[in-house]
Each structure stands twice: as structure tokens, then as C-alpha cells.
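Peer 1: Got a structure for you, questions after.
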């Protein structure tokens, strides 16, 4: 660098010990940006893990409710519902099922909803056949989570209005 003092040109050399600090500022800015990107990546992966877990819990309670419906859609519980007065419904106690993340708890209600003409159209049944209609409601939850579901199954069983003599 040249400088003119008292009409004389003086030549100044930069000292190697004199630093501006621009590189330090830019490196701090880059480190801050990389830190923010890293933190957002960790947050995204945490959210993805939670979504995956919730999806798993939802599938577990869905399958648990379907399993509970399958276990109680038996003629035995339907006979009990018809014979029970006055409400014509039966609460079925199912044991808890162990799954990897806790216990599935299911409660099922089998309710007789009436006696009407059957919707069945086949050679085995006449069109004037009468059927008993049932609603089977299953509520399943997974302990330790908020996962819960309710499923309903409608069943029509041909049979007499009195003196139940069905065979399974």
C-alpha cells in the first residue's frame, strides 16, 4: 500500500500479524447454518418416528377389534342375547391380548335388534325365511397409548322366532 505524506511517497507493507477477521465471521455463519439444518433434520426424524409408532398402534387396535368381532360372532352369544330380557343384549368379557407394546383390551356387546325377513337370496333359503338381526359392537384400546377404535358388525341369522334350535 502506498501513502503520500509531505509530498513523499512512503511504501507500507502489510504486516503478517494484522488480520481482518472476515474468514472467522463467515465460518461462524456457516457453522450456525449447518447447526440449524442438523436440528431440523433431528426434529423431522423424531416426528417421522412418532407417526410410524401411531400408525402401528392404530393397526394393532384395528386388528384387535376385528379379532374381537370374530370371536363373538358365534351362535352361542347370539342365543344368549335373544334369551336375555329386557335389553336383549349381552356384554362379552374377553381376556386382554399381549402385544409388543402393551395389552389390547376389548369389550364387546352382542345386541339382538329384531326379527324380520331375511336378505338372503339362495337356493337353500326361501324368500319368506325370517332372520334374527344382531349388532355386535367391539371397542378396543391399547394400554399406554391413546389408540382406540370401535367396530360394528351386523349379522343376520335365519331361525325361528321362538324355541331357538340353531346349529353352529
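Where a number appears in this text, it was derived from the coordinates with a stated rule and is not lab data. All figures in this text were calculated on a predicted structure; none of them were measured in a lab.
Peer 1: Stretch residue 148-residue 29 to full length: gain in nm at 0.36 nm per residue minus the Cα-Cα span? If you can, show how the numbers build up before the last one.
Peer 2: Working: separation 119, 0.36 × 119 = 42.84 nm, distance 4.77 nm.
Between residue 148 and residue 29, full extension yields an extra 38.1 nm.
Peer 1: Can I ask one more? For residue 20 and residue 75, calculate 0.36 nm times their separation in residues minus their Cα-Cα distance, and state this gained length in nm to one decimal.
Peer 2: Length gained, residue 20 through residue 75: 10.9 nm.
Peer 1: Take the Cα gyration tensor of segment 28-73, multiply each eigenvalue by 5, square-root it, and list the three semi-axes largest first, rounded to whole angstrom.
Peer 2: Taking √(5λ) for each eigenvalue gives 45, 4, 4 Å, largest first.
Peer 1: Just subtract the alpha-carbon distance of residue 107 and residue 43 from 0.36 nm times their residue separation and send over the number in nm, one decimal.
Peer 2: Extra length available between residue 107 and residue 43 comes to 19.3 nm.
Peer 1: Shifting gears a bit: Please express the shape of segment 29-158 as an equivalent ellipsoid: the semi-axes are the square roots of 5 times the eigenvalues of the C-alpha gyration tensor, given largest first in whole angstrom.
Peer 2: Computed over segment 29-158, the values are 48, 17, 10 Å.
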